[in-house]
Amino acid sequence: MSSNKKIKEEEVVVGILLNKNGQILIAKRRNNQFMPGYWELPGGKIEVGENKTDSLKRELFEELGVTVNKINLKHTMFHQYPDKVVRLWIYYVDKYSGEPSGQEGQETSWCSLNQLNNYKLLPTMREIVHKISLPRHYWITPDDHHSESVIEKCHEHLITGTRIVQLRSKVPLENSYIDKVYKLCQDYQASLILNTPNKTYQELCDGWHLTSDELMSLKKRPCNNNKLLGVSTHNVIEVAHAENISADYISLSPVNPTPSHPHIPPLGWQVAADIISKSNLPVYLLGGMSKEALDKALSIGAQGVAGISQI
């Protein structure tokens, strides 16, 4: 006999507080709370009659003893628990006064983003952390790996501040070549993401990028959580499967017509915006993108843009 029980929905606001060292404040859920012992961003439920801004100010004053002066909406997302759906509004707390401390007996901790994996985090925290830490654009290498031009172009991008390089090739690359690019990225504190055939997930790099065919062949995440996993997607079905295998971010393409794929119909900005609204993952837009398109991408909720020639 089927149950007609309605799934409970909760609306929650959370705040991202950073200290002068760039560390983020997290709090441990108390034993009398839902999912006790897990760490999360400070915040709480929106009460009846409250707007989101007032709710966050109240929660952070009650929980941490701080007075919030300025906030900025960073991201919205939802999470399906077995018995309820939680909808979250995540804000940067740009200005506040007071020294944060656990006013309700909860533990708090300042930690760097790369230390967060040392904590038992709420399921929603993984997506939030990537939204905070991932850059607004990344560069994809061209395919002419037979020459030194890719190394030279990589160097040029790293000098100008690129933080993620996707090393893309349609054919397998020598490990010595991958190691050379990896060392170059390390010199500039950038991440190297491999998008090559026959992945072993043991290569020397900071993560891997899956093609859409590779994505749809998988039933679970193929690498550890301490590495980044990106995925190429082209429609809402692939985007949903990327979430199912716990990808860290996705690329969505093509938004605009591209010379490299003239026969593939572009999604257009409206369809891209609709897909982004249905995903919790950070989304990078591809296809005719440039740094000039970044503001438009951010305005529809994308994490940023990526590409080969104009990024």
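Taking only the C-alpha atoms of the range 179-286, the Rg (one decimal) and the largest Cα-Cα distance, Dmax (whole number), read 14.6, 40 Å.
Extents of the chain, taken as max minus min of Cα coordinates on every principal axis and listed largest first, are 61, 52, 36 Å.
Think of a 1.4 Å ball rolled over the protein heavy atoms: the range 116-202 then has 50 Å² of accessible area per residue.
Using only the alpha carbons of the range 123-181, what is the convex hull's orientation-averaged projected area in square nanometres? Walk me through the numbers before you get to the answer.
Numbers: hull surface 21.4 nm².
Projected over every direction and averaged, the Cα hull of the range 123-181 covers 5.4 nm².
Could you state how much accessible area LYS278 has, in square angstrom rounded to the nearest 10, with a 1.4 Å probe and all protein chains kept in place? Approximately 100 Å² of LYS278 is accessible to the 1.4 Å probe.
Note on the range 8-73: percent of Cα-Cα distances in each 10 Å bin, starting at 0 and stopping at the bin with the largest distance, equals 19, 52, 27, 3.
Under 5 Å between amide hydrogens, built in the peptide plane, is the criterion, and for TYR96 it picks out ASN69 among residues at least 5 positions away or on other chains. Phi-derived couplings, Karplus 6.51 cos²θ - 1.76 cosθ + 1.60 at θ = phi - 60°, listed residue by residue for the range 146-160: 6, 10, 8, 5, 5, 4, 5, 5, 4, 4, 4, 5, 5, 4, 8 Hz, with x used for Gly and Pro.
Axis angle, to the nearest 10 degrees, between helix 268-277 and the longest C-alpha principal axis of the chain: 40 degrees. Given R0 = 22 Å, the distance between the Cβ atoms of LYS120 and GLU10 translates into a calculated FRET efficiency of 0.55. Mind pulling the angle between the C-alpha long axis of helix 52-64 and the longest principal axis of the chain? Nearest 10 degrees, somewhere in 0 to 90. Between the helix axis and the principal axis of the chain, the angle is about 70 degrees.
Quick one: with all protein chains in place, what share of the accessible area of the range 58-128 is carbon or sulfur, to the nearest percent (1.4 Å probe)?
Numbers: 1700 of 3750 Å².
Roughly 45 percent of what the probe reaches on the range 58-128 is carbon or sulfur.
Taking a sphere under 13 Å around the Cβ of ILE46 and counting the other residues whose Cβ falls inside, with K and R at +1 and D and E at -1, yields a net charge of -2. Charge tally for ILE159 (other residues, Cβ to Cβ under 15 Å; Lys, Arg +1; Asp, Glu -1): -1. Between the Cα long axis of helix 175-187 and the first principal axis of the chain there is an angle of about 50°, rounded to the nearest 10. Legend: translational diffusion of the range 1-137 by Stokes-Einstein, Rh = Kirkwood radius over C-alpha pairs, 37 °C, 0.692 mPa s; D = 210 µm²/s.
Size check on the range 62-205: the Cα extents along the three principal axes, sorted descending, read 60, 37, 24 Å. The range 96-143 and the range 218-286 have their alpha-carbon centroids 22 Å apart.
As a test of the definition: which semi-axes, in Å, follow for the range 253-305 when you take the square root of five times each eigenvalue of its alpha carbon gyration tensor? Largest first, please.
The equivalent ellipsoid of the range 253-305 has semi-axes of 18, 13, 8 Å.
Once you keep just the Cα pairs under 8 angstrom separated by 6 or more residues, what percentage relative contact order results for the range 34-163?
Numbers: 128 pairs, mean separation 28.2, N = 130.
The value is 22 percent.
Reachable lysines from LYS131, Cα under 16 Å, same-chain residues fewer than 8 places away excluded? Once the sequence-local lysines are set aside, what remains near LYS131 is LYS74, LYS227, LYS278.
The values are calculated or read from the model by the stated rules, or taken from the named source; none is laboratory data. No experiment lies behind these values; they were computed from the predicted model shown. Glycine gets a Cβ as well: all are built from the backbone with ideal geometry, and neighbour counts include every protein chain shown. Heavy atoms of the whole protein, side chains included, go into the accessibility calculation; ligands, DNA and RNA do not. Shrake-Rupley method; radii C 1.70, N 1.55, O 1.52, S 1.80 Å.
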